[in-house]
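See structure below.
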Amino acid sequence: MPTELLMRSDSPVYAAMLREAGFTVTDGFSRPIAALPAPVRDRQRILVTSGLAGATAEEMALLPALGLVACLGTGFDRVDVAAATARGIVVTH
């Protein structure tokens, strides 16, 4: 079963590369995480985001299986690193 990944970037190139690598990519850019159906949110193990979109504690709380937040670009100022760390979620670039 492929790893579920939530993509908060509008880059079709990155999304295509991730799909080719075997990930199931869910669009999290065009709608808020809270708008995704609960069964879809419950399967997301990776959140790919950007420094602009980030990831709040509230958003990460909606993703119970989340284990990794990967930020495109440099910095992760808009990622709640303390909330991620408290849940054992790794934050990286």
Test for E4: is it of a type in the set (D, E, K, R) and either modelled with pLDDT of 95 or more or in contact with a Cys (Cβ under 7 Å, 6 or more places away or on another chain) (or both):
no
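If I filter segment 1-14 for residues that are in contact (Cβ under 8 Å) with a residue 40 or more places away in the chain, open to solvent by 30 Å² or more (accessible area, probe 1.4 Å), in contact with a Phe, Trp or Tyr (Cβ under 8 Å, 6 or more places away or on another chain) and among the hydroxyl-bearing types (S, T, Y), do I get at least one hit?
Within segment 1-14 (the criterion being in contact (Cβ under 8 Å) with a residue 40 or more places away in the chain, open to solvent by 30 Å² or more (accessible area, probe 1.4 Å), in contact with a Phe, Trp or Tyr (Cβ under 8 Å, 6 or more places away or on another chain) and among the hydroxyl-bearing types (S, T, Y)), the answer is yes, since at least one residue qualifies.
For segment 38-52, give me each residue that is farther than 22 Å from S11 by Cβ and in contact (Cβ under 8 Å) with a residue 24 or more places away in the chain. So that I can check it myself, show each step before the final result.
Looking only at segment 38-52, we keep the residues that are farther than 22 Å from S11 by Cβ, and these are 38-39, 42.
Within segment 38-52, none qualify.
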What do you reckon, is T85 of a type in the set (V, I, T) and part of a strand (DSSP E or B)?
no
Which of the residues spanning segment 16-45 are open to solvent by less than 50 Å² (accessible area, probe 1.4 Å) and either farther than 18 Å from V69 by Cα or not in a strand (DSSP E or B) (or both)?
A16, L18, G22, G28, I33, L36, A38, V40, R41, Q44
Out of (1) at pLDDT below 95; (2) among the aliphatic types (A, V, I, L, M); (3) assigned to a helix (DSSP H, G or I); (4) farther than 19 Å from P2 by Cα, what's the single condition that is false for L52?
(3)
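The values are calculated or read from the model by the stated rules, or taken from the named source; none is laboratory data. All of these numbers come straight from a predicted model, not from anything done at the bench. Neighbour counts run over all protein chains shown; Cβ positions are idealised from the backbone, glycine included. The area values use the complete protein model at the heavy-atom level, side chains included, leaving out ligands, DNA and RNA. Shrake-Rupley method; radii C 1.70, N 1.55, O 1.52, S 1.80 Å.
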